[in-house]
1. Residues in the range 67-109 that are within 12 Å of the ligand (Cβ to nearest atom) and either under 27 Å from LEU247 (Cα atoms) or under 16 Å from the mean Cα position of the chain (by Cα) (or both): how many?
2. Counting only residues that are over 15 Å from VAL208 (Cα atoms) and surrounded by fewer than 24 Cβ atoms within 10 Å (Cβ to Cβ), how many does the range 65-84 have?
3. Kindly establish whether ALA268 is buried (at least 20 other Cβ atoms within 10 Å of the Cβ), under 30 Å from ALA44 (Cβ atoms), among the small types (Gly, Ala, Ser) and under 21 Å from the mean Cα position of the chain (by Cα).
4. Going by the structure shown, is ASP126 more than 16 Å from the ligand (Cβ to nearest atom) and within 20 Å of the chain's Cα centre (by Cα)?
5. Filter the helices (runs of 4 or more DSSP H) completely within the range 260-373 down to those with at least 2 residues that are closer than 30 Å to ILE59 by Cα and without any contact (Cβ under 8 Å) to a residue 24 or more places away in the chain.
6. Among the residues of the range 37-57, what is the count of those that are surrounded by fewer than 18 Cβ atoms within 10 Å (Cβ to Cβ) and assigned to a loop (DSSP other than H, G, I, E, B)?
7. Pairs please, first residue from the range 70-94 and among the basic types (Lys, Arg), second anywhere and away from the ligand (no atom under 12 Å from the Cβ), Cβ atoms under 7 Å, 6+ apart in sequence or on different chains.
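The values are calculated or read from the model by the stated rules, or taken from the named source; none is laboratory data. Keep in mind it's a predicted model, so treat the numbers as computed, not measured. Virtual Cβ from ideal backbone geometry, glycine too; neighbours counted across all protein chains shown.
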Amino acid sequence: MKPNVRPRRPQFSSGPCAKRPGWSPAALADACVGRSHRSDAGRAKLTEVIALSKSILGIPADYRLGIVPGSDTGAVEMALWSLLGARGVDVLAWEAFGKTWVGDVVQQLRLKDVRVFEADYGKLPDLRQADPARDIVFTWNGTTSGVRVPNGDWIAADRQGLTICDATSAVFAMDLPWPKLDVVTWSWQKVLGGEAGHGMLALSPRAVERLTSYTPPWPLPKLFQMSKGGKLIDGIFKGDTINTPSLLATEDALDGLRWAQSVGGLQALIRRSESNLAAIAGWVARAGWPVFLAEDPATRSCTSVCLKMADAAQGAAAARIADLLDSEGVAYDIGAYRDAPPGLRIWAGATVETADLEALFPWLDWAWTEVRK
Ligand SMILES: Cc1ncc(COP(=O)(O)O)c(C=O)c1O
């Protein structure tokens, strides 16, 4: 029987992700539109995004945080292009985005001293292979396989290299060991459901030291430049963005951050996301037909939850389930990422209500029956 209760919000996309509960365009009423981002009013909005992000995430006081162009990709690539080449690099990758950073380091930057540690969808490479004497590039949460690193225990506290961490689908939903991370990047449209386009880049004092003491041998476009004449361009980390940001998106980012504070801050966001994962895990166990793509439960993402068919021969059913539930207006964008094995990917980050997931589960079971008729 077709279920009769629908999720109140069918937005389960892994990016852009669901807006915070209760969001409407009215949240943007105070946006500083039609003004210069370099005006006092515009800059105040940008600095507030930086200050609120730092305080909610508990970023160490001596780290810099800037708003940068090009979303998360922009933030990662400006770090790779600005920092790498000073020492050997270890790149760890286990899904599409990590593999993109491998491509950047190996094919685009063409660094000579590179070791790549890759694993298939569902698995992690052996993290202990990463050498603390070298720079380490990795993704905290692999959004397209739903596999995350379980913790930062494998990163040496006294490392000599820098750790560059793409954490876009992890921040605001997972605990990050900041002192173990020298560069951390994310975008606005993930866990807090902001509007897209802008990236966030956090730098440790050691990353700043690299930026000011090392000049890469390749040309850097203006969009990637963070230092000049051996000095950090400090303004980037005080709201003086490199180029023009959207002040409408900025207002939306502020709305998401204020909501995060209102529900209890980082620990509450993590609890919301972990509860969503637990609800999905309960349903997966009851349903029997899907299984987690992440093989080790300790590596299961609490944001981008990726499932495959228990019976591999039924892989094609997943896309039909995603299409059917989309046409029913019950769940949007839950098909697996285009390069990932066939399956479903359900966003479970902090803006998603557990009740909406609970309402979705009977529909998933119904669709599973329907697509095999
Ligand atoms: C882990 C990861 N890295 C990078 C990206 C690319 O992000 P953006 O589109 O913000 O550049 C995504 C997008 O989903 C992602 O999940």
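1. So the first thing to find is which residues in the range 67-109 are within 12 Å of the ligand (Cβ to nearest atom), and the list is 68-78, 93-101, 104.
With the extra rule that they be either under 27 Å from LEU247 (Cα atoms) or under 16 Å from the mean Cα position of the chain (by Cα) (or both), the set shrinks to 68-78, 93-101.
Adding up the residues that qualify gives 20.
2. Summing the residues that are over 15 Å from VAL208 (Cα atoms) and surrounded by fewer than 24 Cβ atoms within 10 Å (Cβ to Cβ) in the range 65-84 gives 6.
3. Numbers: buried (at least 20 other Cβ atoms within 10 Å of the Cβ): no; under 30 Å from ALA44 (Cβ atoms): yes; among the small types (Gly, Ala, Ser): yes; under 21 Å from the mean Cα position of the chain (by Cα): yes.
Here the answer is no, as ALA268 does not meet what is asked.
4. Working: more than 16 Å from the ligand (Cβ to nearest atom): yes; within 20 Å of the chain's Cα centre (by Cα): no.
Criteria not met by ASP126.
5. Numbers: elements: 265-287, 315-327, 354-370.
The qualifying helices (runs of 4 or more DSSP H) are 265-287.
6. Within the range 37-57, the first condition is being surrounded by fewer than 18 Cβ atoms within 10 Å (Cβ to Cβ), and the residues that meet it are 38-41, 44, 47-48, 51-52, 54-55.
Next cut, assigned to a loop (DSSP other than H, G, I, E, B) only: 38-39.
Summing the residues that are surrounded by fewer than 18 Cβ atoms within 10 Å (Cβ to Cβ) and assigned to a loop (DSSP other than H, G, I, E, B) in the range 37-57 gives 2.
7. What qualifies is ARG87/ARG134; ARG87/ASP135; ARG87/GLY161.
Residues checked against (1) in contact with a helix residue (DSSP H, G or I) (Cβ under 7 Å, 6 or more places away or on another chain); (2) under 30 Å from ILE346 (Cβ atoms):
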position: MET1; (1), (2): no, yes
position: SER14; (1), (2): no, yes
position: ALA26; (1), (2): no, yes
position: VAL49; (1), (2): yes, yes
position: ILE59; (1), (2): yes, yes
position: VAL68; (1), (2): yes, yes
position: GLY88; (1), (2): no, no
position: VAL91; (1), (2): yes, yes
